[in-house]
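Read-outs: derived from the displayed coordinates by stated rules, not from any lab. Because the structure is a prediction, the values reported are computed rather than measured. In this analysis, Cβ positions are derived from the backbone assuming ideal geometry, glycine residues included, and neighbour counts consider all displayed protein chains.
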Amino acid sequence: MSISEEWEEMHLTPGGWVGGSYRHVPGPEVTVVRPADDVLTVRRHVCATYCGPSRTTEDRTPQTEDMALIESLLARFGSPAFGV
């Protein structure tokens, strides 16, 4: 049985990482419009259970077919810093 499910999105742009939509317990879901120059969206989902381990998953969705651009921006800005 879950006691906490939180998630957060980060968007990689040519200017760096930009925060996106999220849901932090106990608050409601907050929707943030995706930047127009987003090349990669990373969504982290954390599920904590009663008396058990928490589970964290990350989904990476490219917003461009230019993998060289994504790789160069990841090399420049590193991994996203999530709040969950």
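Couple of notes before you dig in:
- The set of residues from region 45-69 being of a type in the set (A, V, I, L, M) and exposed (fewer than 13 other Cβ atoms within 10 Å of the Cβ) comprises Met67, Ala68.
- Elements of type strands (runs of 3 or more DSSP E) contained in the chain, each with 2 or more residues being in contact (Cβ under 8 Å) with a residue 24 or more places away in the chain and of a type in the set (D, E, K, R): 2-13, 40-49
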